[in-house]
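Down below is the structure, laid out as structure tokens.
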Amino acid sequence: MGRNEHKFCVLLVEDEPADAHLVKISFEEGRLLVDLQQVQDGVEALEYLRRTGRFAEARRPDLILLDLNMPRMNGRQFLEKVKQDENLKSIPVVVLTTSEAETDIISSYDLGASGYIVKPVDINDFIEQVQQLENYWFSLVKRPAG
């Protein structure tokens, strides 16, 4: 199947370079065109979403992939702020983290996460999960326009 001509925008909020690189590879090997933007933490992510500072020309993401454990503003704090913001709350946020803790899963959904994925340790499993996520959000799910 050929790559779709529409480019989807994904904002990756991830401070671990190796994990960010794996996500990038996963989308590059996927069947859809994805414009992957990466920031280091929740503070940068909010600047990106609000188009402030160096992110003045930022494109609104179709999906946010969010790590929970980051410096300055962690994923829970970021998720809470995004889901309270009328201009941002409709953007789906999927938590992509190493934590398997039930409390993290519950709190993420309580704060408005659209999904929760535990990062696999195996590189091939990691890539496969990101590609399944891509297929789900950009091929299977019907989302509102704009």
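Coordinate-derived values only; no laboratory data. Predicted model only: the values in this text are computed from it and were never measured. As a convention, Cβ positions derive from the backbone with ideal geometry for all residues, glycine included, and neighbour counts pool all protein chains shown.
Per-residue Cβ neighbour counts within 10 Å put 68, 88, 96 in the sequence 88, 68, 96, beginning with the fewest.
For residue 117, the amide hydrogen comes within under 5 Å of the amide hydrogens of 95, 96, 97, counting only partners 5 or more places away or on other chains and with H modelled in the peptide plane. Can you compute the helix-only [θ] at 222 nm over the chain? Use -39500 (n - 2.57) per DSSP H run of at least 4 residues, normalise by all residues, nearest 500 deg cm²/dmol. Helix contribution divided over all residues of the chain: -11000 deg cm²/dmol.
Among the GluC sites (Glu not before Pro) within segment 51-146, those in coil by DSSP and having at most 12 neighbouring Cβ atoms inside 10 Å are 57, 86, 100.
A simple spin-label model places pseudo-atoms 7 Å from Cα toward Cβ; at residue 87 and residue 25 they are separated by 3.7 nm. In this structure the amide hydrogen of residue 35, modeled in the peptide plane, comes within under 5 Å of the amide hydrogens of 8, 9, 10, none closer than 5 places in sequence on its chain.
In order along segment 56-73, the phi-based Karplus estimate (6.51 cos²θ - 1.76 cosθ + 1.60, θ = phi - 60°) of 3J(HN,Hα) comes to 4, 9, 5, 8, 5, x, 7, 7, 10, 9, 10, 7, 8, 9, 9, x, 6, 10 Hz; Gly and Pro are listed as x. In terms of surrounding Cβ atoms within a 10 Å radius of their Cβ, 28, 14 rank from fewest to most as 28, 14. The modelled label-to-label distance between residue 50 and residue 118, using points 7 Å beyond Cα along the C-beta direction, is 3.5 nm.
Under a plain spin-label model, where a point goes 7 Å from the Cα along Cα-to-Cβ, how far apart in nm are residue 57 and residue 33? Taking the simple label geometry, residue 57 and residue 33 are separated by 1.8 nm.
Panel order for 19, 35, by other beta carbons found within 10 Å of each beta carbon, from fewest to most: 35, 19. For segment 74-90, backbone nitrogen atoms closer than 20 Å to the point 7 Å from residue 101 Cα along Cα-to-C-beta are found at 74-81. Counting only Cα atoms, the size of the chain along its three principal axes is 39, 34, 28 Å, in decreasing order.
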